[in-house]
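To start, the structure under review is shown below, and the notes come after it.
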Amino acid sequence: MWSRDVDTGMTNWSKVKIVKHLCILIVNGFGYTMDRVTGELLVAEKFDPAVNWATHVDLKTGRPQKVERYSTHHNGEDVNTANICPAALGSKDQQPAAYSPRTGLFYVPTNHVCMDYEPVSGGMYVAGQPYVNAVLNMFPAGRVYPGDGYNNNPEDNNLGNFIAWDADKGKIVWSIHERFSAWGGALATAGDVVFYGNLEGYLKGIDAQTGAELYRFKTPSGIIGNVHTWKHKDKQYIGILSGVGGWAGIGMAAGLINDTDGLGAVGAYKGLNSYTRLGGTLNVFSLP
């Protein structure tokens, strides 16, 4: 807010209100921006356009407005609810995003996956064992969300996107399709280069402003680790652990073959073994 003298054009006084924000992007596919002092919810928008389990989030209550068609709770046991987006592994799982104070953007590895989900009646919980009691099938979100946004169409089989997210506006600034989920963490540098790795095993360097790919290197195995950096003797280094695994890579890592194995992940990622292999390696790169 400011006051200007209309005769001279000079500013008489100004007042700036600084709002300290907190941003979180979670498994349900919504990115939330809050006033970190008061907790007021300022923005809640989908960071994957395929998300359909809710139409929007009420900013006053913070409650998502659910779509009953995609609610397994509403549809009940022994009913196969089809085309739920995101799938059980979420639009984002454990993979960390990165923030650049230079661009004011978050750089987010995401999953672009939907599912059919059928809760099964009569199951018995065994202490200490995984318990889902449902049959899941996962598949690329393009089959459900064929809209023209971000080049989606039914033939698109990408299971992931790497996005730049404007938390103030709740908007995707740019998006990079990935054949499989972007399951590794991101790193933003002061040189306006963002690094991340993908399940095919490529470490990529991306222009933080435009999303243009600047560099790629094929590591021996798929990447689910987080890119990290350090300095030694005035030289900056980038490191990444490659070694496929995690929920998306469970088929390869555990030798599972049925589509519904791995809580439905095996069917979606069954082509992964054509693009990478098992094994663990620390890969280190020096920056110019």
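The values are calculated or read from the model by the stated rules, or taken from the named source; none is laboratory data. Since we're looking at a predicted model, the values are computed, not measured. Cβ: placed from backbone, ideal geometry, glycine included. Neighbour counts: every protein chain shown. The area values use the complete protein model at the heavy-atom level, side chains included, leaving out ligands, DNA and RNA. Shrake-Rupley method; radii C 1.70, N 1.55, O 1.52, S 1.80 Å.
Structure summary
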| item | result |
| --- | --- |
| Gain on full stretching of the segment that runs from Tyr99 to Lys235 - 0.36 nm per residue minus C-alpha separation | 46.7 nm |
| Helix-only mean residue ellipticity at 222 nm for the chain, each DSSP H run of n ≥ 4 adding -39500 (n - 2.57), per residue, nearest 500 | -500 deg cm²/dmol |
| Integer Hz, Karplus 6.51/-1.76/1.60 couplings in order for the stretch 41-49, x for Gly and Pro | 7, 9, 9, 8, 9, 6, 9, 10, x |
| Total formal charge among the other residues, if their Cβ is under 14 angstrom from that of Asn137, Lys/Arg +1 and Asp/Glu -1 | -2 |
| Cα gyration tensor, the stretch 42-148 - rounded (a/c under 1.5), prolate or oblate | prolate |
| Gain on full stretching of the segment that runs from Arg216 to Thr55 - 0.36 nm per residue minus C-alpha separation | 54.3 nm |
| Distance violations [Cα-Cα > 32 Å] among Lys92/Lys231; Lys20/Lys66; Lys46/Lys270; Lys20/Lys218 | Lys20/Lys218 |
| Portion, in percent, of the accessible area of the stretch 94-235 that falls on carbon or sulfur, probe 1.4 Å | 51 |
| Length added when fully stretched, Leu256-His21, from 0.36 nm per residue minus Cα-Cα | 80.3 nm |
| The stretch 188-262: translational diffusion in µm²/s, Stokes-Einstein, Kirkwood Rh over Cα pairs, 37 °C, 0.692 mPa s | 237 |
| Computed P(r) (all Cα pairs; the chain; 10 Å bins; percent) | 6, 25, 31, 22, 10, 4, 2, 0, 0 |
| Nearest-0.05 FRET efficiency for Ser71 and Ala127, computed from C-beta distance (R0 41 Å) | 0.90 |
| Burial ranking of peptide ranges 35-46, 212-223 (average Cβ count within 10 Å, highest at the top) | 212-223, 35-46 |
| Accessible area of the stretch 186-228 divided out per residue, in Å², using a probe of 1.4 angstrom | 36 |
| Heavy-atom accessible area order for Ser274, Ser100, largest first, 1.4 Å probe | Ser274, Ser100 |
